[in-house]
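*Asks:* Below is one structure. I have some questions about it.
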Amino acid sequence: MRIIHSLFILVFCGFLSSCLSESPRDQIDREQALSSAATLYDNTVAALYNYMGGTQSSQGLQGTYRGVYDYNTLTTDECLIPIRGGDWYDGGFWQDLYLHTWTASDQSLEDTWNYLYLVISLSNQAIEDLNNHRSLLTDAQLSAYTAEARAVRAMFYAYAMDMWGNIPLITSPSQTLAATTQSKRSEVYKFIWDELQAVEPLLPNEKSNLEGNYYGRMTRPVVDFLLAKLALNYEVYADDDWTDGSRPSGSGAAFAVEGQSMNAWQTCVHYCDKLSADGYTLMADRTANFSVHNENSTENIFVIPMDKTLYTQQFQYLFRSRHYAHGGAYGTASENGTCATLATVREYGYGTDSLDTRWQQDFYSDTVYVDGKTIALDGGDVLVYYPLEVTSTNLTYSDYIRTAGARMKKYEVDRTAYNDGKNCDNDIVLFRYADAVLMRAEAHVRNGESGQADLDAIRRRVGMPSRPATLTNILRERRLELMWEGWRRNDLIRFGLFHKAYDIRPQLDGEASAYTTVFPIPAKVIDLNGNLKQNKGYK
């Protein structure tokens, strides 16, 4: 399936926080755009996929800056963007992410909220349009198309609920933000869960990452992955007050799953097992999942399709991370920003005799070579990255101001990419089977069972020795296996570590309550809706 652009759906005067009550303005006559089964699908469901990636800040689930990915990655002990003299200060934004000193007036946070609710609103519109024009469709088409739009909506609600906790639940285009009350996190969680369970059997049991009719679409395995992730995070998502020091019990939860009653951990295992039964397997070569042509991966479950000649969405993270001269060696530019934290460097065993084999796959470090040659810096020195020199969020006075930190390498460089490498052919990996294998290991352990086989499978694939399948070791393995993939904040919150001091980040005053495990609801959103209350701990 080629991603197409909607013929009639416009962004509601920019974003929903300012004009959710307005109707979309048509680019062409609505009835002309919705005149057949094909145009109806193209301009309702298919149009939603235009928003999975992006070109501007705060757009897309991955690929751009200051959005979902950055708030789930640069806020953790995985990586950071330190200030490098005149570079990367940007009003303190990147430091605020790492130090958890964000505020409700953060424009990028508001833009991210607006992006997620924009897609939710467009999904609502798609569902209504499908039902209003049902005479153009067979019963099977109506069921399948509606299920797909509902799945997109549920996934975007999952991201919003994960980031903000108690949020408005809007399910109709006629429902205005100003008239919508704030739902508890557990209520939104239940809505998402019920929606995904309801649509799962109605979706095609096809691999979304493979080129063809289902490429980049919501299919049954994509939903199964989401259900597994939601079940594993039950204790977080079913908790309406994350500041009181207590959580509901995943062991005591009761999920109705295909005629059986299961606790949260059993439910997670069930949906991971379904992915195994559908033929997802670990690639023998882990790096193949991130290669320029990764469309045939047996491991990738859900991706943002990338093709520099067809799609405009960008993958900007390699560009953001590499030193300027490093980018120049590829004939492009670079921004010399993102690097691994000291905690990550040590987790991989850098500088020891037990270096994890994934270090060379995931990072540029030490002397850098391109096409077998070193890279010259101004003045004649050779480019060397120093992984152990990220000792502050401000490197302005460091001897390693430009070269401190191991840099992102996980995706193969597309030497034919456009736009400084940002328009490339590597599909952006959102959901991967290796994650499901580690989720299953963790769920087994949390349920008092052994997760050893799954943990061993992940480590054996990369030639690393077995470790006991404890929760601590599984969390360690999730960093090693899923580095740069956008899951670290989610993991640290589940393990009760996100709000604590780590790496070079101190715990904030009052942060022992875990209030920073959700973000503040943007101030402008609250100004427009008197029904919304700010999350605890924020002004």
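The values are calculated or read from the model by the stated rules, or taken from the named source; none is laboratory data. Just so it is clear, the model here is predicted, and its values are computed rather than measured. Glycine also receives a Cβ, built like all others from the backbone with ideal geometry; neighbour counts cover every protein chain displayed. Side chains are part of the model used for accessible areas, which takes the heavy atoms of the whole protein and leaves out ligands, DNA and RNA. Shrake-Rupley method; radii C 1.70, N 1.55, O 1.52, S 1.80 Å.
*Asks:* From the list 343, 329, which residue is touching a helix residue (DSSP H, G or I) at 6+ places or on another chain (Cβ under 9 Å) and hydrophobic (A, V, I, L, M, F, W, C)? Break it down stepwise before answering.
*Replies:* Values: 329 fails: touching a helix residue (DSSP H, G or I) at 6+ places or on another chain (Cβ under 9 Å).
When all the criteria are applied, what remains is 343.
*Asks:* Name, by its number, the condition in (1) of a type in the set (D, E, K, R); (2) open to solvent by 10 Å² or more (accessible area, probe 1.4 Å); (3) farther than 30 Å from residue 403 by Cα that does not hold for residue 129.
*Replies:* The failed condition is (2).
*Asks:* Hey, among the residues in segment 391-421 that are open to solvent by less than 30 Å² (accessible area, probe 1.4 Å) and closer than 29 Å to residue 229 by Cα, which one's farthest from the chain's Cα centre (by Cα)?
*Replies:* Among those that are open to solvent by less than 30 Å² (accessible area, probe 1.4 Å) and closer than 29 Å to residue 229 by Cα, it is 407.
*Asks:* I would also like to ask the following. Taking segment 167-182, which residues are open to solvent by 30 Å² or more (accessible area, probe 1.4 Å), at pLDDT 95 or above and within 16 Å of residue 533 (Cβ to Cβ)?
*Replies:* Within segment 167-182, 169, 182 meet the criteria.
*Asks:* Residue pairs, Cβ under 6 Å, 6 or more apart or interchain, first in segment 412-427 and in contact (Cβ under 8 Å) with a residue 24 or more places away in the chain, second open to solvent by 70 Å² or more (accessible area, probe 1.4 Å). List them.
*Replies:* Close Cβ pairs satisfying both conditions: none exist.
Residue-wise test of (1) touching an Asp or Glu at 6+ places or on another chain (Cβ under 7 Å); (2) in a loop (DSSP other than H, G, I, E, B); (3) open to solvent by 20 Å² or more (accessible area, probe 1.4 Å); (4) touching a residue at least 24 places away in the same chain (Cβ under 8 Å).
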| position | (1), (2), (3), (4) |
| --- | --- |
| 210 | yes, yes, yes, yes |
| 214 | yes, yes, yes, yes |
| 222 | no, no, no, yes |
| 226 | no, no, no, yes |
| 247 | yes, yes, yes, no |
| 252 | no, yes, yes, no |
| 261 | no, no, yes, no |
| 267 | no, no, no, yes |
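*Asks:* Taking the conditions exactly as written (surrounded by fewer than 20 Cβ atoms within 10 Å (Cβ to Cβ), over 19 Å from residue 476 (Cβ atoms) and modelled with pLDDT under 95), does residue 328 satisfy them or not? Walk me through it before giving the result.
*Replies:* On the way: surrounded by fewer than 20 Cβ atoms within 10 Å (Cβ to Cβ): yes; over 19 Å from residue 476 (Cβ atoms): yes; modelled with pLDDT under 95: no.
No; evaluated as a whole, the condition is false for this residue.
*Asks:* Among the residues of segment 307-321, what is the count of those that are in contact with an Asp or Glu (Cβ under 8 Å, 6 or more places away or on another chain) and within 17 Å of residue 362 (Cα to Cα)?
*Replies:* Residues flagged as in contact with an Asp or Glu (Cβ under 8 Å, 6 or more places away or on another chain) and within 17 Å of residue 362 (Cα to Cα) within segment 307-321 amount to 3.
*Asks:* Taking only pairs six or more apart or across chains, which ones have beta-carbon atoms under 9 Å, a first residue in segment 97-122 that is at positive phi, and a second residue that is surrounded by fewer than 20 Cβ atoms within 10 Å (Cβ to Cβ)?
*Replies:* 100/505; 100/507; 100/508; 100/511
*Asks:* Something else about it: Which of the residues spanning segment 365-376 are of a type outside the set (Val, Ile, Thr) and either exposed (fewer than 13 other Cβ atoms within 10 Å of the Cβ) or within 31 Å of the chain's Cα centre (by Cα) (or both)? Reasoning before the result, please.
*Replies:* Applying the first criterion (of a type outside the set (Val, Ile, Thr)) to segment 365-376 yields 365-366, 369, 371-373, 376.
Selection gives 365, 366, 369, 371, 372, 373.
*Asks:* Tally time: how many residues in segment 468-486 are in a helix (DSSP H, G or I) and open to solvent by 10 Å² or more (accessible area, probe 1.4 Å)? Outline the logic, then answer.
*Replies:* Pass one, segment 468-486, residues in a helix (DSSP H, G or I): 471-482.
Filter once more, keeping what is open to solvent by 10 Å² or more (accessible area, probe 1.4 Å): 471-473, 475-476, 479.
Qualifying residue count, segment 468-486: 6.
*Asks:* Something else: Identify the single condition in (1) part of a loop (DSSP other than H, G, I, E, B); (2) open to solvent by 10 Å² or more (accessible area, probe 1.4 Å) that residue 521 does not satisfy, given that it satisfies every other one.
*Replies:* All conditions are met except number (2).
*Asks:* Turning to a different aspect of this structure: Is it the case that segment 286-297 has a residue that's within 13 Å of residue 412 (Cα to Cα), modelled with pLDDT of 95 or more, open to solvent by 20 Å² or more (accessible area, probe 1.4 Å) and not hydroxyl-bearing (Ser, Thr, Tyr)? If you could, list the steps in order and put the result at the bottom.
*Replies:* Residues of segment 286-297 within 13 Å of residue 412 (Cα to Cα): 286-294.
Checking the rest, the ones that are also modelled with pLDDT of 95 or more come to 286-294.
Subsequent filtering for residues that are open to solvent by 20 Å² or more (accessible area, probe 1.4 Å) retains 287-288, 291, 293.
In the following step, the residues that additionally are not hydroxyl-bearing (Ser, Thr, Tyr) were identified as 288, 293.
Yes, the conditions are met somewhere in segment 286-297.
*Asks:* Only one of these conditions is not met by residue 307: (1) open to solvent by 20 Å² or more (accessible area, probe 1.4 Å); (2) farther than 16 Å from residue 211 by Cβ. Which number is it?
*Replies:* (2)
*Asks:* Given the condition open to solvent by 40 Å² or more (accessible area, probe 1.4 Å), assigned to a helix (DSSP H, G or I), of a type in the set (Ser, Thr, Tyr) and more than 18 Å from residue 33 (Cβ to Cβ), answer yes or no: does some residue in segment 135-144 qualify?
*Replies:* Going residue by residue through segment 135-144, those that are open to solvent by 40 Å² or more (accessible area, probe 1.4 Å) are 135-136, 138-141, 143.
From the residues that got through so far, the ones that are assigned to a helix (DSSP H, G or I) too are 135-136, 139-141, 143.
Narrowing the set further to residues that are of a type in the set (Ser, Thr, Tyr) leaves 135, 143.
Checking which are more than 18 Å from residue 33 (Cβ to Cβ) leaves us with 143.
Yes - at least one qualifying residue is present in segment 135-144.
*Asks:* Shifting gears a bit: Return the pair list, or none, for Cβ contacts closer than 6 Å from residues in segment 124-147 that are within 14 Å of residue 218 (Cβ to Cβ) to residues that are assigned to a loop (DSSP other than H, G, I, E, B) and hydroxyl-bearing (Ser, Thr, Tyr), at least 6 apart or on different chains.
*Replies:* Within 6 Å, the pairs are 126/44.
*Asks:* Could you give me the residue pairs with C-beta distances under 6 Å whose first residue belongs to segment 377-388 and is open to solvent by 80 Å² or more (accessible area, probe 1.4 Å), whose second residue is at pLDDT 95 or above and in a loop (DSSP other than H, G, I, E, B) wherever it lies, and which are 6+ apart or on separate chains?
*Replies:* 386/400; 386/403
*Asks:* Oh, and also: When the residues of segment 132-149 are filtered to those that are more than 12 Å from residue 40 (Cβ to Cβ) and of a type in the set (D, E, K, R), which remaining residue is nearest to the chain's Cα centre (by Cα)?
*Replies:* Looking at residues that are more than 12 Å from residue 40 (Cβ to Cβ) and of a type in the set (D, E, K, R), I get 148.
*Asks:* Kindly provide the set of residues from segment 84-119 that are crowded, with 20+ Cβ neighbours inside 10 Å, among the hydrophobic types (A, V, I, L, M, F, W, C) and in contact with a helix residue (DSSP H, G or I) (Cβ under 8 Å, 6 or more places away or on another chain), ordered by number.
*Replies:* Result: 88, 97, 109, 113, 116, 118, 119.
*Asks:* Please determine whether any residue of segment 493-512 is in contact with a Gly (Cβ under 8 Å, 6 or more places away or on another chain), open to solvent by 40 Å² or more (accessible area, probe 1.4 Å) and touching a residue at least 12 places away in the same chain (Cβ under 8 Å).
*Replies:* yes
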